[in-house]
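Where a number appears in this text, it was derived from the coordinates with a stated rule and is not lab data. Predicted model only: the values in this text are computed from it and were never measured. With ideal geometry, Cβ positions are generated from the backbone for all residues, glycine too; neighbour counts draw on all protein chains shown.
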Amino acid sequence: MDLKDKLNELKEKGLENISKADNLDTINQIRVSLLGKKGPITEVLRGMKDLEPQERPKVGQFANEIRDELTKVLAEKKEEIELIKMAKKLEKETIDVTLPGKKVQQGQSHIITQVIDEIEKLFIGMGYQVVDGPEVEEDHYNFEMLNLPKDHPARDMQDTFYITDNLLMRTQTSPVQARTMEIHDFTQGPLKMISPGKVYRRDTDDATHSHQFHQIEGLVIDKNITMADLKGTLQLIAQTIFGEDREIRMRPSYFPFTEPSAEIDVSCFKCNGQGCSVCKNTGWIEVLGAGMVHPNVLKMAGVDTEVYGGFAFGLGPDRFAMLKYGVDDIRQFYLNDVRFLNQFSVKG
Ligand code: 2NL
C-alpha cells in the first residue's frame with residue numbers, strides 16, 4: 001500500500017472515531033494519538049525520505065491537508081461537545097421563578113416597647129425630651145433626692161435589690177429625673193421630660209408581680225404650672241393608649257415625692273363606664289399616679305421653689321399592655337415566647 005492510501009485510511013478512521021466521540025477526554029486522546037509527535041501521520045512524513053524526490057512534495061502536501069482537516073474536524077467536534085455540555089448544565093440549573101419563595105421571618109418590637117414608643121411619640125410631639133439613665137443607681141438619687149430619707153417608712157414599702165449600702169437596682173425611673181433636674185439650666189427654659197425604662201423590685205414573681213418591669217415617669221418644671229396642666233396631660237395619655245372617648249378622674253393619694261398627690265382612673269374602655277369584669281363593676285380602672293412635685297424634691301435638686309414648680313407622674317407600660325390587650329399574667333412579657341409576642345403585630 002502506498003503512502004497516499006495509508007494516509008487516506010488514517011483519515012477515514014480518524015473521522016469515524018471523531019464522529020463517535022462524545023466527551024472531551026476522547027477528543028483529546030484522538031488528537032494526541034492521530035496528530036501527536038509519535039502519531040501515524042508524523043510517522044508517514046518521516047517515511048518520505050524513502051520516496052522518489054519528485055513524489056515527496058505531493059505526498060507532503062497531501063499529508064498536510066489531511067492533518068489540517070483532522071485538526072479542523074477535531075476543533076468542531078470539541079465545540080459541539082462543549083455546547084451540549086453547557087446546554088445540559090443550563091437545563092439542570094434552571095430556576096422555576098413561579099415557585100413560591102422562602103418567607104423571611106420579620107421581627108417586630110416587643111409589645112412593651114410598642115407601648116413605650118407610642119407614649120414617647122405623644123410626648124416628643126409636645127416638646128418633651130426622652131431621657132435615659134443608669135439601672136444600677138445610687139441610693140442618693142433613687143431615694144434621698146425624692147424625699148425618701150434613710151429612715152422613711154416608704155423605703156420599706158418597696159423592697160429593693162441592694163448591691164452595696166449605696167448602690168441598688170433602681171426601683172423607679174425618677175432618679176433619671178432627679179439627675180436631669182439637678183443639671184438643668186432654668187434660665188434657658190422649662191424642663192419637660194419623660195424617662196422610660198426598666199425598674200426592679202424585690203418581689204416574688206406571680207401573675208401580677210415581676211421583679212423587673214417597666215416605668216415611664218414624666219416631669220414638667222416651669223413658672224405657673226398648675227394641676228390643670230397635669231390633668232390635661234394625663235387625659236392625653238389615657239386617650240392615646242385607651243381610645244379617644246376615654247375620660248379620667250383624679251382621687252387624692254399619697255406619694256413622698258409629690259404634694260398634693262393623686263391616683264388617676266380611666267373610664268373603662270371595655271364597657272364604657274357601665275361596669276364589667278375588667279373594671280370590676282366600678283366603670284373605672286386605675287392607671288396612673290401623679291401629683292405636684294414636692295418642694296423638698298425641688299430644693300434638693302437646687303430649683304428655686306419661689307419661682308418654679310411642676311408636676312410629675314408615673315405609669316407602668318406592663319400594666320397598660322395587660323389592660324389594653326387582656327393579658328392576665330405579667331410574666332408573659334418576660335418569657336419571650338414568640339407565639340405570645342407575635343400576636344402583637346405593629347401593623348395592628
Ligand atoms: C406611682 C406613680 C409617680 C412620680 C411618680 C416623680 C418624679 C420626680 C418628682 C416627683 Cl423627679 N415625682 N414621679 C410622681 C408621682 C407618681 O409614680 O404609682 N408611683 C409609685
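Data for the structure
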read-out	value
For the stretch 100-110, Karplus couplings with θ = phi - 60° (6.51, -1.76, 1.60), whole Hz, Gly/Pro x	x, x, 6, 6, 8, 6, 9, x, 8, 5, 4
Computed over the chain: relative contact order in percent, which uses C-alpha pairs under 8 Å that are six or more apart	14 percent
Share of alpha-carbon pairs per 10 Å distance bin for the stretch 220-348, given as whole %	12, 35, 29, 18, 6, 0
Cα-based reach from K231 at 13 Å (exclusive), listing aspartates and glutamates while leaving out same-chain residues under 8 positions away	E247, E263, D265
Pairs beyond 30 Å (Cα-Cα), from K103/K198; K192/K324; K37/K88; K49/K77; K20/K92	K103/K198; K37/K88; K49/K77
Cα-based helix-to-principal-axis angle, 24-35 vs the chain, degrees rounded to 10	30 degrees
Using θ = phi - 60° and Karplus 6.51 cos²θ - 1.76 cosθ + 1.60, couplings along the stretch 52-58 (whole Hz; Gly, Pro as x)	4, x, 6, 7, 4, x, 4
Cα-based Rg / Dmax (Å) for the stretch 3-92	15.8, 59
Aspartates and glutamates with Cα under 13 Å of K223, excluding same-chain neighbours fewer than 8 positions away	D304, E306
Amide H contacts under 5 Å for H214, placed H, 5+ residues apart	V199, D318
Projected-area average for the chain over all orientations - Cα convex hull basis, square nanometres	35.6 nm²
Hz values of 3J(HN,Hα) by residue in the stretch 253-267 - Karplus curve (6.51, -1.76, 1.60), Gly and Pro given as x	8, 9, 9, x, 9, 10, 7, x, 10, 9, 9, 10, 10, 10, 4
Förster radius 56 Å - calculated FRET efficiency between N272 and R202, Cβ distance, rounded to 0.05	0.90
Packing rank of 133-144, 221-232, 250-261, 77-88, where each peptide gets the mean count of other beta carbons within 10 Å, highest leading	133-144, 250-261, 221-232, 77-88
Qualifying aspartates and glutamates (Cα of each under 15 Å from Cα of K121; at least 8 residues distant if same chain)	E217
Taking the stretch 135-278 and dividing mean pair separation by its residue count, relative contact order in percent (alpha carbons under 8 Å, at least six apart)	17 percent
Rounded if a/c under 1.5, otherwise prolate or oblate - the stretch 95-248, Cα gyration tensor axes	oblate
Candidates G310, G125, G101: whichever shows maximal mean-square fluctuation once the chain is modelled as a Gaussian network with Cα springs under 10 Å	G101
Amide proton proximity set for E247, modelled H, under 5 Å, gap of 5+	S267
For S253, distant residues with modelled amide H under 5 Å away	S261, A262, E263
Lys, Arg +1 and Asp, Glu -1 on Cβ, resulting dipole of the stretch 215-347 about Cα centre, debye, nearest 20	360 debye
